[in-house]
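All remarks here apply to the structure that follows.
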Amino acid sequence: MGLVASFFGQLCGKEKKPEEERHLRANDRSFNLTYRYANNAIKTSKYNILTFLPRNLFEQFQRLANAYFLFLMILQVIPQVSSLSWFTTAVPLMFVLSITAVKDANDDIKTEKVDFSWNQLADPKFVFHDHSLLETVKQGNPDAQAFFRLLALCHTVMPDEKKEGELYYQAQSPDEGALVTAARNFGFVFRSRTPESITVIEMGKQVIYELLAVLDFNNVRKRMSVIVRSPEGKLTLFCKGADTIIFERLHPSCKKLVEVTNKHLSEYAGEGLRTLALAYKDLDESFMDEWKQRHHEASTALVEREEKLDELYEEIEKDLLLLGATAVEDKLQDGVPQTIEQLAKADIKIWVLTGDKQETAENIGYSCNMLREEMKEIFIVAANTAEGVKEELENARRKMSSSSADKPSVIKARAGLFWLQKTETVQDEKVDGEYGLVINGHSLAFALEKDLQLELLRTACMCQTVICCRVTPLQKAQVVQLVKKYKQAVTLAIGDGANDVSMIKAAHIGVGISGQEGMQAVLSSDFSFAQFRYLQRLLLVHGRWSYLRMCKFLQYFFYKNFTFTFVHFWYAFFCGFSAQTVYDEWFITLYNLMYTALPVLGLSIFDQDVNDRWSFQYPQLYTPGQLNQYFSKKAFVRCMMKSCYSSLILFFIPWAAMHDTVRDDGKDIADYQSFALLAQTCLLIVMSIQLSLDTHYWTAVNQFFVWGSLAGYFAITFTMYSNGMFLIFTSAFPFIGTARNSLNQPNVWLTIFLTSLLCILPVVAFRFILIQLRPTINDKVRHKMRNEALPATTKHVHVRRISTRRSGYAFSHSQGYGDLVTSRKFLLKIPVRTRPALFTETDSPLAQNQPQHYRTITEEPEGSQSP
Amino acid sequence: MMASSYNAKDEDGHITVTGPGGGTLRSKKPENTAFKQQRLPAWQPILTAGTVLPAFFIIGLIFIPIGIGLYVTSNNIKEFEVDYTGVDMSSPCFNCSQNFSWNSTTPCTCTIPFFLEQPYESNVFMYYGLSNFYQNHRRYVKSRDDSQLNGDMTSLKEPSKECEPYAYHDNKPIAPCGAIANSMFNDTLELFYNDPNGTKVQIPLTNIGIAWWTDKHVKFKNPGVGEANQNLTTAFQGTTKPLNWRRPVYELDAAANNDGFINEDFIVWMRTAALPTFRKLYRIIKSPSNGMMPTMPRGNYTLEVVYITTMSKNLRQNLFNQLNPDYPVRSFEGRKRMILSTISWMGGKNPFLGIAYITVGSVCFFLGVVLLIIHHKCGNRNNSADISN
C-alpha cells in the first residue's frame, strides 16, 4: 500500500524536495507569503468536493468486504463463470457504498464545524454564606486576615475578567483555584496581576502589592512562596506547602500552634481531605535588597542555576510563622463506592492507576471500598531496586498462595483472522481470601521491566484490588498493555486528565470523564461522561445490551445467509451441479438489502433482554459477555448446524411437496419459477419467524419492521412479476405471472406453513428445554421480571469514610507556573480559542475536583480554615 | 456550621459549560425521550410453559386432521402411468428408440396397450413425464430470449447472446432461439379406447388451455401481430427453424390462435421444470357434456407414440451433442412416461403433504407431552431458584 500511496503522490505532483531552510520576517505577512511555505492552518476535514468521490471510494475498497464484493461483481460480468446477473451484486454494493459515502461526507462536514470553545471551562457561579467566619474577618482579626491575604496572594492563578464584575480564575490545579476563590469570598478578592504586581481588593479596598519574587513550586520543594511589598512598604513572604515541609521551617515560637494544627490536620486527613499548611514571615528591607541581588545573579547564572536558586529559597524560607492550615475536601463523586461494588459483582477487575501520592491513593481506595479493613492483607510494594521489588512481589504471592509455582503457567495459542496472531495467556491462580496490592511508581518502573512483568501480573491478578500510585502517564499505558497482552482480557481505561490520555488510548475501550481537568481525556476517548458513576450504566446497561445485540445480530446474520446458501447446495444435486440458483435473481439481490435488513436492524437497535433497572439489580448479568458466551466458536458451529437443518427443511419439503404435482386446474406448478417463488417465500417467512423468536423486546418499531418487510416482500414480488414490469423490462423480469399463478394454490400455502413450522418447532422446543433444565442468569431474571415489580432505582447514599490515614496533598506534582506569571507572556491578548490547555494535572478520576462544601472550624481562633 | 454549595453541575451531573462571554454551549446530552433513552414501551414475550405447551398441543390437534384430509384427497385422485421409453428389448418402443436418428425423415410409431381398472370421471389430464432431463441446468435455463418470444421484431432478427449457440444458423436468426426451444418435446401421443365390442375409438384430446393464462396472453406473443396483411409466415420471414425441429414455428398448429410462439405445447415446454424429473401437461380429455358417462370408462386402451425425435437424455449430452446435429445421439439414461390423472383442489396426486402433516402433528403432540413432563419434573425447581448475588 505504501508503494501505491507514493505512486499516487508522484502522480499528483506532491513530492517535494526536503526543505532545509526557511526565510521569514517577523510580523511581515505579505513578505512571508511570497515564499508559499506550507501554512500551519489546522484542517480537520478529510475531503473537498473534488477529491471526495475518488478518495472515498478508494478508502471504501480498502475494506476487505467491499473489495471482495467488487471482485465478485467483476466475476459476474464474465458470463462463463457467472451464475447470476451482474445486478445481484452490483445493487447491494452500490447501496452500501452510497450509504457509507453519505455517512462519511456527513461526518466530514461535521468535523469541519468542530467547535474549539471547549477550553473555557470558565468559573462557575459561587454561592457562599458563613457569618461566623465572615464576622471574624470583618472585625479585623489580623491572623484571619493574614490567612486570607496569603490565599489571595500566594498562588499562580490567572484572573480573567472579560466583563466588569465577572471574574474567572484559571488555576493550575483545581485546589489552587478553590483556595483563591475561598479568599475572594471572605473579602480578599484577587483581582489581577502583572509581572510586578498583584491587585487585591481587601474588604472593599483596592490594594496593590508589589510582587518581588515567586518562589515556585516543584516536586522536591513541595511548597511555594511569594514575596510582596504592601503599599505601606511592609515586606512579607507568604508560603504555603505540604504540612511536613512547612513544619520543618517554622519559628520555634509557633510550637503550640503547631500542635493544635497538627491535630486538625490529622482529622482532615482522616476524612480524606487534602491539606496544606500556611505560613508567613516579615522581611526587612536590607536583607531583602541583598537577597534580591543574589537572586538576580542566581537566576541569570549559566551553570547550576536550579541548584543555586534552591539554595537561595531554602535560605529565605525559614523561621516562618504558622498561620493555619487549609483542607480541600477531595470529595468523591456521587456513587463511586456503589459503582465499584456493582462492577465487582459483575466480575470486572478494577485497577487504580493514579498520579496521587501513596497516602492519598490509599485513602481514596478505602473511601471507595476498594481497600477494605476486612481484607486479609494489603501488600505495599515500594522498593527502590529491581531485586527489592521482585522480592516483595514474590513474598506477597507466597503469602496469598503458598503452593504457587515459581514459573507462571503461560498458555500459548493462536487467535485472530486465520489464526495468524500468537497469544500468550497467564493463567489465573487460586487464592483464599481477599488481598490488596499497592505499588508505587518507582517500584512499578522495575516491575514493568521484561523479567519482572509476569511476576507483577501474577501477583496483581491474585489480589482483589490493585492500586498503582505515583505512576507516570507512560506507566499507565504500560500497565494496560501488560494486562492486554498476557491476560487476553478486554481492558477499559477511565480517566479525566491529560495524563490519562496514553492509558485511554492503550486500552480497548477508553472513557473520558469530562470535568475540571480539561478535555484531552475526553477528546481521545471512545466514550465520555461527566461522572464516574455513569460507568456502571455504560457497562452494565448499554455495554451489555450492545454486546447482546451485536451477538444476536451476528448469529442471525450468519443464520440467514448460511441457510440461504445451503439451500443452493442441496439444489445442486438436482440441477446437474450447474450452479443454478434456487431463487429468483431479484430475490437474491434484495434478500439482504431489503427483505431482511430492517427487522434485524430493529433487533440490533432496540433489543434488550431485561431493562436497565433489572440490569442494575443483577450485575452478574454482565458476566456471560466476559466469557464470550453469546457468540463463540461453539455458538457459531451451533448456528451453522441450525442453518443446515433449516436449509434441509427449506429445500426438501418444497421439493417433496411440489415433486410431480400440478395445480388445481392441472397446469404446471413444478416449474422452476414457481418452485423458486415457493422456496424463497418459505425462506423469508422462516427468517422472519426466527427473528421474532430472537427478539425479546418488541417495540412498535420492531413490529413495523417485521410486518413491513414481509408485506414489502409480497408487494415487491407481485410488482416485479406483473405484466407491466415484464412489458417494460422484458429480459429483466421473466417471472411474470408466477406469483399470481402459484400463490393462489392451497397446496403452496400448506407447504409454506409446514416448512415454517418444521424450521421453528425444534428451535422453540430446544430453547424451552434449556430454560427448564439449565436456565441462564438471563432466563432467571426474565422470569423474575415477569412475576415481580420493577426494582426501585437505587438511591446513592453517601458513605462517611472512617479512616485514620492522613493525607497531605493539594499541589500538582509538576513544576508550577511561577515563571509564566512573572513573565510578560500572559499579558498578550491571546484569543480564547487558541489558549493552550493549562490544566494538565489529574487526580484520581474518582475524585470530584470541584470542592463542594466549605466548613469552618469554629474553635480555631487563628482562622485556620478548611475550604 | 454553615455550608454553602458550589454549583458546578446540574442535578443530573451534566456540566453546563459557560463561556466567559456568557454564551452557553449546546449540551450534547441526548434528549430525554423514550426513543433516545431506550425506554420505548415494548412487549416482552418469554417462553413459558403456559405458552409453549398449549401451542404444541394445539398444533398437533390442527395438523392431524388437515393431514388426514390431504391424504384422503390425494388417495382419491386417480393416476395411471405408462413408461414408453423402450429400454427393454421386449418393450414395444424398443425399435423406435434405438434406431431413430436426428436425420431420419420417416416417423416411427409404437403402440402400447394398457388397462384402466377404474373409470376416470370429470376432466382427465394427460401428461408426458421425463426423467433425468435437466431442464434446470443453468446454461439451459437461460438459453432463451424472452423479448423474441414476446414478439419483439428486433430480437426476432437479432436473438440475444444468451441463445448461443442456438442463436443463428446459416447466418439466419433462429426463431425461437436457444437450447430450450431447440430441445422441445415433439413425440405425438394418441389415445384409443378399445370398446368391449372390439372397435378402436380415438379419444379426442384438447390442446387448448394447457398453458398458464399469463404465458399465453402476456409473456408469449407472435411477432407482427396487428400489422395489416401479416400472416405468421411473413412475420417469421428471414428466420430459420431450430436445428432439431422438423417444422418451422409458424407451422406448429393449424389453428391461428395456437400457432407460432403462442402454441401451447411450445409454451408449456418453455416453462422449464424445477427438477430433473418432471411432468408437463400434454392434453386434456374433457368430460362428456351429458355428464352421465365417465370420461374414461374402465377398460382397455392403446397409447400410440409417434417418435419424431428422442427426447430424454441427460442435458450435458443434450447441450454438447446438439452442437452438431449430424452427431448421432446414442444412449440416454432418461425415461419417458405418459400419465393420465384426475385432479382435486390440492392439485395432482401427491401423498407427501398429507403424510407430512399427520407426522408433524403427531410429533408435536408427542413433544408437547415430553415437554410437559420435563416442565413438571425440573422446570419449577429451576425457575423458582434464587439468583445468587
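The values are calculated or read from the model by the stated rules, or taken from the named source; none is laboratory data. Just so it is clear, the structure is predicted and the values come from calculations on it, not from any experiment. So basically every Cβ, Gly included, is an ideal-geometry build from the backbone, and we count neighbours across all protein chains shown. Remember, those area values only see protein heavy atoms, side chains included, never the ligands or the DNA or RNA. Shrake-Rupley method; radii C 1.70, N 1.55, O 1.52, S 1.80 Å.
Just counting partner chain Cβ atoms within 10 Å, what average do the residues of peptide A:650-663 show around their Cβ?
Going residue by residue through A:650-663 and averaging, the value is 5.
Which whole-angstrom value gives the distance between the alpha carbon centres of the stretch A:276-309 and the stretch A:460-534?
That distance is 41 Å.
Size of the dipole of the stretch A:141-328 about the Cα centre, Lys and Arg at +1 and Asp and Glu at -1 on the beta carbon, nothing else charged, in debye to 20?
500 debye
I'd like the FRET efficiency for A:Y35 and A:K450, computed as 1/(1 + (r/R0)^6) with the beta carbon distance as r and R0 of 56 Å, rounded to 0.05.
The calculated FRET efficiency here is 0.70.
A 30 angstrom limit on the alpha carbon distance is what I want to check against. Which of A:K390/A:K634; A:K399/A:K476; A:K376/A:K476; A:K412/A:K642; A:K110/A:K505 exceed it?
Distance filter (> 30 Å) returns A:K390/A:K634; A:K412/A:K642.
Can you pull the mean other chain C-beta count within 10 Å for peptide A:729-738?
Shielding by partners across A:729-738 averages 5.
What ranking of A:F558, A:F766, A:F58, A:F675 comes out by heavy-atom accessible area, probe 1.4 Å, highest first?
A:F766, A:F58, A:F558, A:F675
Karplus couplings for the stretch A:423-431 from phi (6.51 cos²θ - 1.76 cosθ + 1.60, θ = phi - 60°), rounded to Hz, Gly and Pro as x?
Couplings: 10, 10, 10, 8, 6, 6, 10, 7, 9 Hz.
Could you work out the local net charge near A:I760, counting Lys and Arg as +1, Asp and Glu as -1, over the other residues with Cβ closer than 15 Å to its Cβ?
+2
Label the stretch A:634-681 by shape, choosing from rounded, prolate and oblate, from the square roots a ≥ b ≥ c of the eigenvalues of the Cα gyration tensor; if a/c is under 1.5 it is rounded, and otherwise prolate applies when a/b is larger than b/c, oblate when it is not.
Prolate, since a/c reaches 1.5 and a/b exceeds b/c.
If amide hydrogens are placed 1.01 Å from N in the peptide plane, which non-local residues have theirs closer than 5 Å to the one on B:F114?
Here the answer is B:Y301, B:T302, B:L303, since their amide H atoms fall under 5 Å of that of B:F114.
I'd like the distance between the alpha-carbon centres of the stretch B:133-176 and the stretch A:204-226, rounded to an integer number of Å.
97 Å
Could you list, in their original order, any pairs among A:K222/A:K256; B:K280/B:K336; A:K667/B:K349; A:K422/A:K552 whose Cα atoms are separated by more than 21 Å?
Exceeds cut-off: A:K222/A:K256; A:K422/A:K552.
What size of dipole, in debye to the nearest 20, comes out for the stretch A:542-786 about its Cα centre when the only charges are +1 on Lys and Arg C-beta atoms and -1 on Asp and Glu C-beta atoms?
Dipole size: approximately 1240 debye.
Let me check against my output: what whole-number percent is the relative contact order of the stretch A:587-744, with C-alpha pairs under 8 Å and at least 6 apart?
32 percent
Can you find, among A:V352, A:L309, A:H296, the residue sitting farthest towards the positive end of the charge dipole of the stretch A:241-364, where Lys and Arg contribute +1 and Asp and Glu -1 at Cβ?
A:V352
Just grab the label-to-label distance for A:N262 and A:W707, each label 7 Å out from Cα along the Cβ direction, in nm (one decimal).
Taking the two extended label points, one gets 8.0 nm.
Hey, with R₀ at 45 Å, roughly what FRET efficiency would A:N395 and A:H542 work out to, going by the Cβ-Cβ distance, to 0.05?
0.60
Taking H placed 1.01 Å from N in the peptide plane, check which residues at least 5 places from A:I467 or on another chain put their amide H under 5 Å from its amide H.
HN-HN under 5 Å from A:I467: A:V352, A:L437, A:V438, A:I439.
Rounded to the nearest 0.05, what FRET efficiency do A:A386 and A:I245 give with R0 = 30 Å and r taken as the Cβ-Cβ distance? Could you check?
0.50
Compute the distance from the alpha-carbon center of the stretch A:721-750 to that of the stretch A:325-388, in whole Å.
71 Å
Which listed residue (A:L648, A:S674, A:M658) has the Cα farthest towards the positive end of the charge dipole for the stretch A:636-680, taking +1 on Lys and Arg C-beta and -1 on Asp and Glu C-beta about the Cα centre?
Of the options given, the answer is A:L648.
Under 1.5 on a/c is rounded, so check that first for the stretch A:336-489, then, if it is not, pick prolate when a/b is larger than b/c and oblate when it is not; a ≥ b ≥ c are the square roots of the alpha carbon gyration tensor eigenvalues.
Here the stretch A:336-489 falls in the rounded category.
Once you place label points 7 Å from the Cα toward the Cβ at A:E166 and A:E304, how far apart are they in nm?
5.3 nm
Within 10 Å of each Cβ of B:34-42, how many other protein chain Cβ atoms are there on average?
Rounded to a whole number, the mean comes out at 5.
With charges set only on the Cβ (+1 for Lys and Arg, -1 for Asp and Glu), what does the dipole of the stretch A:377-480 come to about its Cα centre, in debye to the nearest 20?
Result for the stretch A:377-480 is approximately 400 debye, rounded to the nearest 20.
Using the Cα gyration tensor of the stretch A:413-566, with a ≥ b ≥ c the square roots of its eigenvalues, what is the shape: rounded (a/c below 1.5), prolate (a/b larger than b/c) or oblate (neither)?
It is oblate, given that a/c is not under 1.5 and a/b is not larger than b/c.
What is the stretch A:390-508's relative contact order, in percent, from Cα pairs under 8 angstrom and six or more apart in sequence?
Relative CO of the stretch A:390-508 lands at 24 percent.
Sequence gap at least 6, Cα distance under 8 Å: using those rules, report the relative contact order of the stretch B:217-300 to the nearest whole percent.
Here the relative contact order equals 17 percent.
Pulled fully out, how much extra length does the chain show between B:L372 and B:N95, if you take 0.36 nm times their separation in residues and subtract their Cα-Cα distance?
Answer, rounded to one decimal: 93.2 nm.
Between A:D432 and A:F636, how many nm apart are label points set 7 Å from Cα along the C-beta direction?
Result: 4.2 nm between the two label points.
Where in the stretch B:252-294 does the label zone of A:W570 land, with the point 7 angstrom along Cα→C-beta and an amide N cut-off under 18 Å?
Taking a point 7 Å out along Cα→Cβ of A:W570, the residues of the stretch B:252-294 whose backbone N falls under 18 Å are B:274-277.
How compact is the stretch A:542-786 by the rule of thumb for globular proteins, expressed as Cα Rg over 2.2 N^0.38 Å?
For the stretch A:542-786, the normalised Cα radius of gyration comes out at 1.12.
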